[in-house]
Amino acid sequence: MTTRFWAWSVPYLSRLKLVIDFLNNHQFVSLIDIGCGDGKLINVIQKHFSHAYLCGVDYSDRSIQFARCLNYVNDRIRFDVCDLTTHLEPIETYDVGTIIEVLEHIPLDTVDIFLQNAISFIRPGGYLLLTVPSKNIQVLKKHYQHFSIKQLEEIFENHPVKIINVEFIDSGGLIMGILHRLLGNSIFILNSQRLVNLFFQYYVRFHLHVNKTNGRGIFLVAQKR
């Protein structure tokens, strides 16, 4: 019997939910996912918004090859290799840009040019959605830094955007630790879709939108001027 379990799946899926919830409340035609990896976010968005023109970019050729293999690429969906830490001239702009759990992987001395390039892909009046780990958790392997809200506000002061919402997300703590152990541990992996869905609903209701003392991540929405 084959099973699968990702310890980070609940926090990751919650970030996808934040994006989908935002898109449900804002009209858009096009979206670019920056640092798209294997294209999971593009895949989810396409299922909810079949009318949208979607593009995923990543500096890693290997990631883009995976994205093209794992997603149905057509005239409305494409994936391109693109290094946003070097100077770029975007060919087209989009209504929405997403940077989900990416900025922490960018070397400190290239964060500014990375954001400058990312914002250049968004049309005036369009939106940027970003999630990052907060400083409430230790900097992880392969991460250059974690962030505070004040730090993000200072970073975006140098760019032509207006922050319209920023909040802490994803609490940890004892209860969440126990529930994660119940989802998967060295003895068993929970395969009941109903129970997994109930767990996720509980997480979204009580542990997704939190305060600065226990938020493990930050969700930011900005609008391009």
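Just so it is clear, none of the values below were taken in a lab; they were calculated from the coordinates. Quick caveat: nothing in here was measured; it's all calculated off a predicted structure. Every residue, glycine among them, receives a Cβ derived from its backbone with ideal geometry; neighbour counts consider all protein chains shown.
Which residue, chosen from TYR72, VAL204, PHE49, occupies the Cα position most advanced towards the positive end of the dipole of the chain, where the dipole is computed from +1 (Lys, Arg) and -1 (Asp, Glu) charges on Cβ about the Cα centre?
Highest projection toward the positive end goes to VAL204.
What does the extension gain come out to for THR93 and ASN25, with contour length at 0.36 nm per residue minus their alpha carbon separation? Don't jump to the answer; show the numbers that get you there.
Working: separation 68, 0.36 × 68 = 24.48 nm, distance 2.05 nm.
Taking THR93 through ASN25 to full extension adds about 22.4 nm, to one decimal.
Would you kindly calculate the translational diffusion coefficient of segment 1-137, applying Stokes-Einstein with the Kirkwood radius from alpha carbon pairs, for 37 °C and a viscosity of 0.692 mPa s, and quote it in µm² s⁻¹ without decimals? Write out the running numbers ahead of the final one.
Working: Rh = 15.5 Å.
Estimated diffusion coefficient is 211 µm²/s.
Restricting to bridges with both residues inside the chain, how much of the DSSP beta-bridge set is antiparallel, in percent to the nearest 5?
Working: 19 of 39 bridges.
If we restrict to bridges inside the chain, about 50 percent are antiparallel.
Using only helices, what value at 222 nm comes out for the chain when you add -39,500 (n - 2.57) per DSSP H run of length 4 or more and divide by the total residues, to the nearest 500 deg cm²/dmol? All intermediate terms of the calculation are to be shown ahead of the outcome.
Values: 7 runs with 75 residues, N = 225.
Here the helix-only value at 222 nm equals -10000 deg cm²/dmol.
How far, in degrees from 0 to 90, does helix 193-203 lean away from the longest principal axis of the Cα atoms of the chain, to the nearest 10?
The answer is roughly 70 degrees.
What aspartates and glutamates does LYS17 reach when the alpha-carbon gap must be under 16 Å and sequence neighbours fewer than 8 apart in one chain are set aside?
Those aspartates and glutamates meeting the cut-off are ASP33, GLU101, GLU167, ASP170.
Could you check how many percent of all C-alpha pairs in segment 61-150 are farther apart than 20 Å?
On the way: 1849 of 4005 pairs.
Taking all Cα-Cα pairs of segment 61-150, the fraction more than 20 Å apart is 46 percent.
Hey, what angle do you get for helix 9-24 against the long axis of the chain, alpha-carbon based, 0 to 90 degrees rounded to 10?
50 degrees
In which sequence would LYS224, LYS150 go, from the one with the fewest C-beta neighbours within 10 Å to the one with the most? Working shown, then result.
Numbers: LYS224 19, LYS150 10.
Lowest count first: LYS150, LYS224.
Taking the Cα centroid of segment 131-169 and of segment 60-102, what is the distance between the two, rounded to the nearest whole Å?
Taking the Cα centre of each part, segment 131-169 and segment 60-102 sit 22 Å apart.
Pairs to check: LYS40/LYS135; LYS141/LYS224; LYS47/LYS141; LYS40/LYS141; LYS142/LYS212; LYS141/LYS212. Give those whose C-alpha atoms are more than 29 Å from each other in this structure.
On the way: LYS40/LYS135 26 Å; LYS141/LYS224 32 Å; LYS47/LYS141 32 Å; LYS40/LYS141 22 Å; LYS142/LYS212 24 Å; LYS141/LYS212 23 Å.
Cα-Cα > 29 Å for LYS141/LYS224; LYS47/LYS141; rest within.
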